[in-house]
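Right, one structure below, let's go through it.
The values are calculated or read from the model by the stated rules, or taken from the named source; none is laboratory data. From a predicted model like this one, the values you see are computed outputs, not experimental measurements. Every residue, glycine among them, receives a Cβ derived from its backbone with ideal geometry; neighbour counts consider all protein chains shown. Calculation scope for accessible area: heavy atoms of the full protein, side chains included, ligands and nucleic acids excluded. Shrake-Rupley method; radii C 1.70, N 1.55, O 1.52, S 1.80 Å.
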Amino acid sequence: MIYLDNAATTIQKPEVVVEAVASAMRHMGNAGRGAHEVSLDSSRLIYDTRQQLAKLFGLEDPTGVAFTANSTAGLNIAIQGILNPGDHVISTAMEHNSVLRPLYRMQEQGIELTILPVDRLGNLCYEDMEREIRSTTKAIVCTHASNLTGNLIDLKRVGKIAAAHGVLLIVDASQSAGVFEINMSEMGIDVLCFTGHKSLLGPQGIGGICVKKGVEIRPLFVGGSGVHSYQKNHPARMPTALEAGTLNGHGIAGLHAARAYREEIGIGKMRERELALMQYFYEEIKDIPNVTVYGDFTVKMRAPIVTLNIGDYDSGEVADELALTYGIMTRAGAHCAPLLHEALGTKEQGAVRFSFAYSNTEAEVEEAIRAIRELAQDSGRSGPSKAAGNIQ
């Protein structure tokens, strides 16, 4: 199997991560739910992980790191816990449904929503963003890297725009955490949501929300906290304020081990390899007849993603052929990014996404290039089937 669907989840986890999760399942107690040694050991590991994540993301106070199940959970907490009826919020056509659907829900409850369009390469106009700010604008909510095109948003520039107008900046770092340096203080990010199972190389089911000091978020969940048990209201102090119930200690243990693994190799080294594999693939397939590639490849810094279509073939058919004939795993369809597919003109056809990780090899990329060449040649010879229009 050649696995090129790392934007969905990295499948080849470091052995230290697997061992850390297995060990935690055998020995880990419930953090904050006792004064005995296994509970205290769990609390120490979890706090150390908070510290390491705060350092990774440039957050001054580690108590601002709250653990969630994934980015979607963090984004729901941020969006539904910050916005109120009458607030105006700005987002973009680059967004995943983990941003869009919470915003649409809040729109039904009375917020005003502006979605910024993108150009034919999938890029934003930052001047448009600043022009759309009103006196009632509460927040800008945006992704860091598109899960469809790999295009990056210039967070430092957006952060300056937000700061100049007293607007909060909420960022979805699902595709960038672990690949690119993110410094919340330097970039002007108020809330950062991330998942652990993609480029951070952790297990599925663990993620987090990083909250700058002074930013108030209403808890989405309330319940057991291990402290102040006789109070009717959930504790307001971070991180407990956003962490109701038992944490995924096993997942946190895996994320802790993954952080150490990435630090040992170096985030820059890992990013350089991933981008080199992506660039090699792109350069070899971009000029193949009947192949259309989406996104902006004129810039050096982008997520290690190449998304394409072959003629008018339905993207699902192409992905199936890649898997069944060549053993290459990709992601086809709408990628939970409906507005960007509409902007790119791929709403009916969808697209096939190749996403690269540090664990991939040049030999695997070469096999993927060969597969695209052969499929494109066959489509030109026999005539492609029309897109089915059943994108999931």
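In the chain, which longest range has no GluC sites (Glu not before Pro) that are both DSSP loop (not H, G, I, E or B) and surrounded by at most 12 other Cβ atoms within 10 Å?
Numbers: sites that count: Glu60, Glu216.
Result, exposed sites excluded: 217-392.
So how many Å³ per residue does the convex hull of the Cα atoms of the chain work out to? Write down the numbers at each step before the final one.
Working: hull volume 53.2 nm³, N = 392.
Enclosed volume per residue, from the Cα hull, is 136 Å³.
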In terms of the alpha carbon gyration tensor, root eigenvalues a ≥ b ≥ c, rounded if a/c is under 1.5 and otherwise prolate when a/b exceeds b/c or oblate, region 69-186 is rounded
Out of Ala337, Ile90, Leu59, whose Cα points farthest toward the positive end of the dipole of the chain (charges: +1 Lys, Arg; -1 Asp, Glu; placed on Cβ)? Leu59
Ranked by accessible surface with a 1.4 Å probe, highest first, in what order do Thr240, Thr307, Thr72 come? Thr72, Thr240, Thr307
Could you report the chain's accessible area per residue, 1.4 Å probe, as an integer in Å²? 44 Å²
Cut-off under 5 Å, modelled amide H: who pairs with Phe354 long-range: Val306, Thr307, Leu308
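Take the cross-link list Lys55/Lys160; Lys13/Lys300; Lys160/Lys232; Lys13/Lys138; Lys198/Lys232; Lys286/Lys347 and give me the ones stretching past 29 Å between alpha-carbons.
Details: Lys55/Lys160 22 Å; Lys13/Lys300 27 Å; Lys160/Lys232 40 Å; Lys13/Lys138 39 Å; Lys198/Lys232 38 Å; Lys286/Lys347 21 Å.
In this structure, Lys160/Lys232; Lys13/Lys138; Lys198/Lys232 exceed 29 Å between Cα atoms.
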Using the Karplus curve 6.51 cos²θ - 1.76 cosθ + 1.60 with θ = phi - 60°, what ³J(HN,Hα) values do you get for each residue of region 36-41, in whole Hz, with x for Gly and Pro? 7, 5, 5, 5, 5, 4
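Probe radius 1.4 Å, ligands and nucleic acids ignored: give me the carbon and sulfur share of the accessible area of region 184-314 as a rounded percent. Working shown, then result.
Values: 3060 of 6160 Å².
Accessible surface attributable to carbon and sulfur in region 184-314 totals 50 percent.
Report the charge-dipole magnitude of the chain in Debye, nearest 20, computed about the Cα centre from +1 at each Lys and Arg Cβ and -1 at each Asp and Glu Cβ.
Numbers: 36 positive and 45 negative charges, 233 e Å.
That gives the chain a dipole magnitude of about 1120 debye.
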Of Met184, Gly150, Val211, whose Cα points farthest to the positive end of the dipole of region 126-236 (charges on the beta-carbon: +1 Lys, Arg; -1 Asp, Glu; origin at the Cα centre)? Val211
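For region 166-293, what is the charge dipole size about the Cα centre, in debye to the nearest 20, if Lys and Arg each add +1 at the Cβ and Asp and Glu each add -1 at the Cβ?
Numbers: 12 positive and 13 negative charges, 118 e Å.
That gives region 166-293 a dipole magnitude of about 560 debye.
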Shape category assigned to region 1-72 from the gyration tensor of Cα positions, a/c cut at 1.5: oblate
Region 74-144 versus region 221-295: alpha-carbon centroid distance in Å: 22 Å
Can you give the accessible area of Thr292, probe radius 1.4 Å, in Å² rounded to 10? 60 Å²
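Would you compute, from DSSP H runs of 4+ residues alone, the mean residue ellipticity of the chain at 222 nm, taking -39500 (n - 2.57) per run and dividing by the full residue count, rounded to the nearest 500? Walk me through the intermediate numbers first.
On the way: 12 runs with 154 residues, N = 392.
-12500 deg cm²/dmol, from helical runs alone.
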Show the residues, 5+ positions off or on another chain, whose built amide H is closer than 5 Å to the amide H of Asn123. none
Residue by residue, what Karplus-based ³J(HN,Hα) values in Hz, rounded to whole numbers, does region 291-300 have, using 6.51, -1.76 and 1.60 with θ = phi - 60° and x for Gly and Pro? 9, 10, 10, 10, x, 9, 9, 7, 9, 6
Cross-link partners among aspartates and glutamates for Lys213, C-alpha distance below 16 Å, same-chain residues fewer than 8 apart left out? Glu60, Asp61, Glu186, Asp190
Rounded to 5, the percent of DSSP beta bridges in the chain classed as antiparallel: 50 percent
Residue-by-residue Karplus 3J(HN,Hα) for region 280-290, coefficients 6.51, -1.76, 1.60, Hz, glycine and proline x: 4, 4, 4, 4, 7, 10, 5, 9, 5, x, 6
Residue (of Val306, Leu45, His234) at the positive-pole extreme of the chain, dipole from beta-carbon charges: His234
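Within the chain, which is the longest segment that contains none of the trypsin sites (Lys or Arg not before Pro) sitting in a DSSP loop with at most 16 other Cβ atoms within 10 Å? Kindly include the intermediate steps, with their values, before the conclusion.
On the way: sites that count: Arg33, Arg120, Arg134, Lys213, Lys232, Arg237, Lys286, Lys300, Lys347, Lys386.
Answer - 34-119.
Sort region 128-238 into rounded, prolate or oblate with this rule: let a ≥ b ≥ c be the square roots of the eigenvalues of the Cα gyration tensor; rounded if a/c is under 1.5, and if a/c is not under 1.5, prolate when a/b is larger than b/c, oblate otherwise. Could the numbers behind the result be given before it?
On the way: a/c = 2.51, a/b = 1.28, b/c = 1.96.
Here region 128-238 falls in the oblate category.
For region 195-288, what is the relative contact order in percent, using Cα pairs closer than 8 Å and at least 6 residues apart in sequence? Display every interim value, and only then the final one.
On the way: 67 pairs, mean separation 27.3, N = 94.
Relative contact order for region 195-288 comes out at 29 percent.
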Which one of Ser176, Ser185, Ser135 has the biggest mean-square fluctuation once the chain is modelled by GNM with Cα springs under 10 Å? Ser135
Paramagnetic reach from Asn84 (point 7 Å along Cα→Cβ, amide N under 15 Å) across region 130-154: 136-139
